[in-house]
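Here, each number is a calculation from the coordinates, and none is a lab measurement. Just so you know, these numbers come straight off a predicted model, no measurement behind them. All Cβ positions, even for glycine, are placed from backbone atoms using ideal geometry, and neighbour counts span all protein chains on display.
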Amino acid sequence: MPTIYRSRHDLLRNCWFRFSWCGFNTVRYLLCGLAIVVSAQNVWIENLAPYTPTPQTVVEKMLDLAELKPGEKMFDLGSGDGRIVISAARNYHAVAVGVEFDETLVRRSASEIARLALTERARIIQGDLMKQDYSSADVVTVYLLPIGNIKLIPILEKQLRKGARIVSHNAEFPGWTPAKTVNVEDDGQGKSHRLYLYKR
């Protein structure tokens, strides 16, 4: 599995070490390796949902705002440790799907879903949230960087059926008019949040 470097400094330092160790005659092989590493680095830079756990009080308010009903299907984009997916399946009896790129978080989520015996209603897809099919969604929850919301707009506009609801945590969808906005003044940790509800 290729190493993903967290900074340009780490990347350059590692490449210089390889160059010094292998010698000049292996430059062409090193350059091939660099192409792989740079590609991995670009994936990290383009991460649209850096792992920031949503406080449980905010999770519940997001799902309440979406008016999630038993049997409905929901997607959480950038699902992290799976807490929104788990809450949707466990407390709202919805069919819940998370999309998460990070393998460690996917495993953690899947383990907790199995521990709680929720595998019939909850699952995690390991993959790119920009490359999934959301046409079956009744509800979509997102906690992304603003650029992530912007990139999602054409996908959701194309795929979501009439009546689908989207709840965004802290970031708006530019050009869309929220049906409702909710301010969470204190999440129990002294922080405030803003939630946006959109309807297709």
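Points worth noting:
- When the Cα gyration tensor is reduced to axis lengths a ≥ b ≥ c, the ratio a/c stays below 1.5 for the stretch 56-199, which is therefore classed as rounded.
- Where Cα atoms sit under 15 Å apart: lysine pairs in the stretch 116-200 separated by 8 or more or lying on different chains: 5
- Annotation: peptides 64-71, 77-84, ranked by per-residue average of other Cβ atoms within 10 Å with the highest first, follow the order 77-84, 64-71.
- The relative contact order of the stretch 56-199 comes to 22 percent, based on Cα pairs under 8 Å that sit 6 or more residues apart.
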